[in-house]
Amino acid sequence: MLQESLKITPFAMLSRATAGIRGSTLIINMPGNPNAVAECMEAVLPALKHALKQLKGDKREKHPRHLPHAAAAPVDQWERSFRAASTGTGCSCEP
């Protein structure tokens, strides 16, 4: 969402717009501006089908250059991102 919003305005960097899966919950934080909400929904919708499959337990899908979800380490995305940011590796794909 941020990437798409930044194409429209540099002020998007201050937005709370983010999305992810935590446990068995899909979390989508939308920006406060109604126009920005519509723009962010357009960015999220293509990934929504994949996210819902993951929530339903479909672990067969895999991302390019990544392990299938069932084979991945049981570390959530937030923790991977935090570790990458604090170690300076620049990649949140590695646990």
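Each reported figure results from applying straightforward, stated rules to the coordinates on display, with no laboratory input. Note that the coordinates shown come from a computational prediction; the quantities given were computed from them, not determined experimentally. Neighbour counts run over all protein chains shown; Cβ positions are idealised from the backbone, glycine included.
For the stretch 5-21, the Karplus equation 6.51 cos²θ - 1.76 cosθ + 1.60, evaluated at θ = phi - 60°, returns couplings of 5, 5, 5, 9, 8, x, 6, 4, 4, 8, 6, 8, 4, 7, 8, x, 10 Hz by residue, with Gly and Pro reported as x.
Working from label points 7 Å from Cα in the Cα-to-Cβ sense, the Leu45 to Ser24 distance is 2.9 nm.
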